[in-house]
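Undergrad: The following block contains the structure, expressed as structure tokens.
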Amino acid sequence: MAPSAAPVEHSGELGRPCLLNEKFKVQSYDGGLFKNRAQYDIKNTLIPILEPFHCSGSGTKFNLVMKCTEDFTLTHFYISGPGPRCTEPIRSGLVWVTDTPPEVELMKKYDNMPAEEILEIMKGLRSYSATDDSEGLPDPCVYFTTDPSTREAEIELSKWREGKYVAIKFLDTHKDNINIDVGIVGLVGHFGNQSKRQVPFGPWMRRSVRQIGVHPKPLKSMFFSNGWVCDGRDFTGGCRSGLTDFHQTSVYTMTFRCTSSAFDLCEKCAYDSTLGNVTEESVQADLEALVDPATCKLAVTRLRNQWRRNWPDTLPKYFAGGLLDSLMQALQKSTESTPRPEEDRLVMQSRQQSGAEAQKRQVRRALMNLLSELTQRVLGIGAGGDVNPNDIVWAMCNDPEEHWDEGRILQMPRADRPEAQQGAAEPAAAAAAAAAAAAAAAA
């Protein structure tokens, strides 16, 4: 299934549809389980990965009813069979969206209906809902047939449907109709009643985007069960969804991934045309993150990544945005000593303070690396640069407590040792701190 071009999103339009599965629960199902094994439960189909999956008991033409915890609007329906080791992948079926629990007995009237009649209903040429014996069950809104090779089908509804329930009839399979195997049922749309805001979108499940500003290869939409973090967090302005670490997404959160490099973007980052570009808003977001101890390390990564790409163009924008002031605030927060716990305090409080001190040390280390690189970019000072033995610099002292103090360089690391770059960077960073302090004081 070929991905379509990204839809244009204008101000005032409804946002992109999302996967609704997480808020759906199985209300009823009459298909049973293969050999009554719980591993093949029908609820597996709501998890948007191929395993676990569902294998029914013997037979076909089963009926599944699911209820959402809140009102929803269905825009797309997706279904797939399991992997090739399952012999009876789903071939065709029908979907209803209703406000009240649908009557399964009325759904059975479609069991032996010819495909031609079903297509006439879908085209509006005839209606079963108009007959007295079908009262309480509307006409189906989706008639799907999966591809024999990919075993999947995605339907964009010609008319968005609002409701609280989704009912699905699994009609037949691609093989012998001994039972029915279903991998994923994807219910896509919006929460709330949004049918009056319908706009064309194109395929949802299988999409591909390009974000040349942050990654050279196409990124394909997919789901993962073992977690991921949006790599947009490492670029100027950060992740547009606010993701900063792992364990902030779930199996129901779509990622746009390069499988060869494991590079991930969330939906908002994948479609943000400004991602990777330095703007006034992204500079302010980065500097605010730099001052916050919780996000300081992440902000340092963003700044260093951006400067390595094009520092002559971007660094002046950060200076104009208040980089030096932000650096001084971040350094001050990272060097503030935490009051030592009183003897009568709980051990847990002591551990929490130890954790806070460890975080400060990590932040200081990140800031020193940033200052080292800033010095090298602006002043030409770095490993093998203009800092020499006997030079007077400002440095971090650890005894008796961590503090800044003036000192003399006694020895420079050898350039042929792997740790030379890091060792030489520390005095350079110290010099940068002094330069930043002087600049801030002058300002």
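The values are calculated or read from the model by the stated rules, or taken from the named source; none is laboratory data. What you see is a predicted model; the values in this text were computed from it and never measured. So basically every Cβ, Gly included, is an ideal-geometry build from the backbone, and we count neighbours across all protein chains shown. Ligands, DNA and RNA are stripped out before the accessible areas are found, and what is left, the full protein with its side chains, is counted by its heavy atoms. Shrake-Rupley method; radii C 1.70, N 1.55, O 1.52, S 1.80 Å.
Undergrad: For every other residue with a beta carbon closer than 10 angstrom to the beta carbon of Phe77, add +1 if it is Lys or Arg and -1 if Asp or Glu, then tell me the sum.
TA: That sum, taken over residues with Cβ under 10 Å, equals -1.
Undergrad: If you count only protein heavy atoms with a 1.4 Å probe, what accessible area per residue comes out for segment 117-199, rounded to a whole Å²?
TA: Per-residue accessible area for segment 117-199 comes out at 48 Å².
Undergrad: Which lysines, if any, have their Cα less than 17 Å from the Cα of Lys61, not counting same-chain residues under 8 positions apart?
TA: Lys108, Lys109, Lys169, Lys175
Undergrad: Once the whole set of protein chains is in place, how much accessible area is left on Thr249, using a 1.4 Å probe, in Å² to the nearest 10?
TA: Rounded to the nearest 10, that gives 30 Å².
Undergrad: How much net charge surrounds Arg126 when only other residues with a Cβ under 11 Å from its Cβ are counted (Lys, Arg +1; Asp, Glu -1)?
TA: -3
Undergrad: Another one. If you roll a 1.4 Å probe over segment 125-232 with all protein chains in place, what percent of the accessible area is carbon or sulfur?
TA: Carbon plus sulfur share of accessible area: 48 percent.
Undergrad: Among all the lysines, which ones have a C-alpha under 18 Å from Lys196's C-alpha, if same-chain residues fewer than 8 places away are not counted?
TA: Once the sequence-local lysines are set aside, what remains near Lys196 is Lys159, Lys164.
Undergrad: On to the next question. Report the gain in length on full extension from Lys175 to Glu281: 0.36 nm times residue separation, minus Cα-Cα distance, nm rounded to one decimal.
TA: Computed gain between Lys175 and Glu281 is 32.5 nm.
Undergrad: Related question: With a/c under 1.5 counting as rounded, go ahead and sort segment 80-200 into rounded, prolate or oblate using the C-alpha gyration tensor (a ≥ b ≥ c being the square roots of the eigenvalues; past the cut-off, prolate if a/b is larger than b/c, else oblate).
TA: Taking the square roots of the gyration eigenvalues as a ≥ b ≥ c, segment 80-200 is oblate.
Undergrad: Sticking with this one: To make sure I understand the rule: partners must be lysines, Cα under 16 Å from the Cα of Lys220, and not fewer than 8 residues away in the same chain. Which ones qualify?
TA: Lys268
Undergrad: Now, a different point. Using a basic spin-label model with each label point 7 Å from the Cα along Cα→Cβ, how many nm lie between Leu119 and Asp234?
TA: Between Leu119 and Asp234, the label points sit 5.1 nm apart.
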